[in-house]
Amino acid sequence: MLTMKHNRPHAYYSAGFSLIELMLAMLIGLIIMSGVMSLYLTTRDTQRSSEDQLALLGDARFAIETIGFDLRHAGVWGELNEWKMIACHKDSELPCNDNMPAATADCSTSEYINFKAPLSGSDGVNPFASTCATKSYKAGTDVLGVRYADSNRILTASLSSNVAYVRSNIVNGQVFFGSTLPASDLYKWNNNATTHNHLLVSRAYYVSTYTNSPGDGLPSLHRVSLEAGPLMNDEMLLPGVEDFQLEFGIDTDKDMQVNTYVKASNVPDWTNGTVQSVKIWVLVRSRRVDRDNISAAQTFDIAGATVTTPNDGYRRMLVSSVIKLRNMARVDLKAAGGA
C-alpha cells in the first residue's frame, strides 16, 4: 500500500502587535499629540493676547479721536468764532429778545449755552457733582467740557422742534431754539444770504466707575451730550477706561503760541483764547483677565504723575495725544475782511 504523506508546511500565525509594541506606540502617539496640543494652546494664547492688545489700541485711539474731533471744533459758532458777536447765550453781551430754555439735567445753570467758555476742564474733581455727570464719577480723573456749532449747514425748512441751533454769518449771530427762526432781527442779519443755521453741540466727558450697569466694576468713559428737549443725556462711550487726564497749553504772551502746559486748576482764563492746545492721556484696561497671567504691577507716567495699577491680571495700555485748538484764537472776520 502506498502511504500518503501529508506534508504540512511550517505554520506562521498573524499575531498583531505585542503588548510592549502597543504601549510603545501609544507612548509615541501621546508625545506627538502633547506637542501638537502645546503648540496649539501657545498659538491660541498668543493670538488672544494679540487680539486684546489690538483691541486696547483701537479703543484708546477711538477715545482720542472722538474727543479730539470735539476739541478741534470747540469755539466755532457756524460762520465765526467770536462769542461776543453771538446773542442769547449765557452771559451774552448783546441784547436778546429770545431767551433760551433751561436744559434738563444740564451740568450747571445754562451751561449748554456757555459760549463764553467753549472749553472747560477740571483737575481730579467733578465740577458737575449731582448734575450732568451722574453715573458714579471716578475720583481723581479729569472732566472736559466742549461747546461749538456743527459745521454742517441746516436749511431753515429742515429745522426741528425742541432742538438748539446757532444762526450766524461772519459778522454776528444768535443761538435759538426750535423750528422757527428768531423773531427779532436786532442786527439786520437774519435773512442775509450768507447767514446759515448750525446744530448746537454741547458735551462733557468723564470717567465712571461702571458701564451702564451700576456695580459691574468696569470703569468706562462717558459722554454727556445735548439732545432734543433740550436735554443733556448721559451715554457710555467706551468701556474699560480707567483714567482720563488733561493738561492745557496756554498762551501767556498773546502770540498765539503755547508757552507752557498746566492742569485745569491753573488755567488763568477759559474765555479769551488763552488755551491753545490740550494734552490727553487715556488709560484703557482689557475686559478679560489675560491668559499670560499678567500679575506684576504696571507703572505708567500720566500727566507728570506715576500711576501704578493693581496686580489683577488685566492688560493695560496708555495712549496720549496733543490736540491743537483751531478755533480758540479770536478773529474778527469783519475787520479782517476790511469791512
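Listed values, structure above:
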{"item": "Region 114-147: number of residues that are surrounded by 23 or more Cβ atoms within 10 Å (Cβ to Cβ) and basic (Lys, Arg)", "result": "1"}
{"item": "Candidates Tyr137, Tyr148, filtered to the one that is modelled with pLDDT of 95 or more and either within 17 Å of Cys107 (Cβ to Cβ) or within 18 Å of the chain's Cα centre (by Cα) (or both)", "result": "Tyr148"}
{"item": "Qualifying residue in region 68-75 (condition: over 30 Å from Ile280 (Cβ atoms), exposed (fewer than 13 other Cβ atoms within 10 Å of the Cβ) and either of a type in the set (Gly, Ala, Ser) or modelled with pLDDT of 85 or more (or both))", "result": "no"}
{"item": "Filter result for Ser151 (small (Gly, Ala, Ser), more than 27 Å from Lys324 (Cβ to Cβ) and either outside any loop (DSSP other than H, G, I, E, B) or in contact (Cβ under 8 Å) with a residue 24 or more places away in the chain (or both))", "result": "no"}
{"item": "Residues satisfying the stated conditions in region 214-228, i.e. loosely packed, with under 12 Cβ neighbours inside 10 Å and under 20 Å from Val289 (Cα atoms)", "result": "Gly215, Gly217"}
{"item": "The listed residue being of a type in the set (A, V, I, L, M), more than 20 Å from Glu65 (Cβ to Cβ) and modelled with pLDDT of 90 or more, out of Val267, Val319, Val282", "result": "Val267"}
{"item": "Test for Tyr148: is it in contact with a His (Cβ under 7 Å, 6 or more places away or on another chain) and of a type in the set (Ser, Thr, Tyr)", "result": "yes"}
{"item": "Candidate set: region 287-313, residues that are modelled with pLDDT of 85 or more and touching an Asp or Glu at 6+ places or on another chain (Cβ under 7 Å); chosen: the one nearest to Phe248 (Cα to Cα)", "result": "Ala303"}
{"item": "Criterion: closer than 27 Å to Leu57 by Cβ and free of Cβ contacts under 8 Å to residues at least 24 places away in the same chain - qualifying residue of Gly240, Gly249, Gly217", "result": "Gly217"}
{"item": "Subset of region 65-90 (residues that are part of a loop (DSSP other than H, G, I, E, B) and either out of contact with any helix residue (DSSP H, G or I) (no Cβ under 9 Å at 6 or more places or on another chain) or among the aromatic types (Phe, Trp, Tyr) (or both))", "result": "Ala74, Val76, Trp77, Gly78"}
{"item": "Cβ pairs under 8 Å, 6+ apart, first in region 255-270 and on the phi > 0 side of the Ramachandran plot, second surrounded by 10 or more Cβ atoms within 10 Å (Cβ to Cβ) and at pLDDT 90 or above", "result": "Met256/Gln276"}
{"item": "Any hit, region 99-116, residues being assigned to a loop (DSSP other than H, G, I, E, B), farther than 21 Å from Val275 by Cβ and over 30 Å from the mean Cα position of the chain (by Cα)", "result": "yes"}
{"item": "Within region 297-307, considering residues that are outside any loop (DSSP other than H, G, I, E, B) and out of contact with any Phe, Trp or Tyr (no Cβ under 8 Å at 6 or more places or on another chain), the one farthest from Gln245 (Cα to Cα)", "result": "Thr299"}
{"item": "From Ala74, Ala105, Ala63, residue being touching a Cys at 6+ places or on another chain (Cβ under 8 Å) and among the hydrophobic types (A, V, I, L, M, F, W, C)", "result": "Ala105"}
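The values are calculated or read from the model by the stated rules, or taken from the named source; none is laboratory data. Note that this is a predicted model, so its numbers are computed, not measured. Cβ atoms come from the backbone with ideal geometry, glycine included; neighbour counts cover every protein chain shown.
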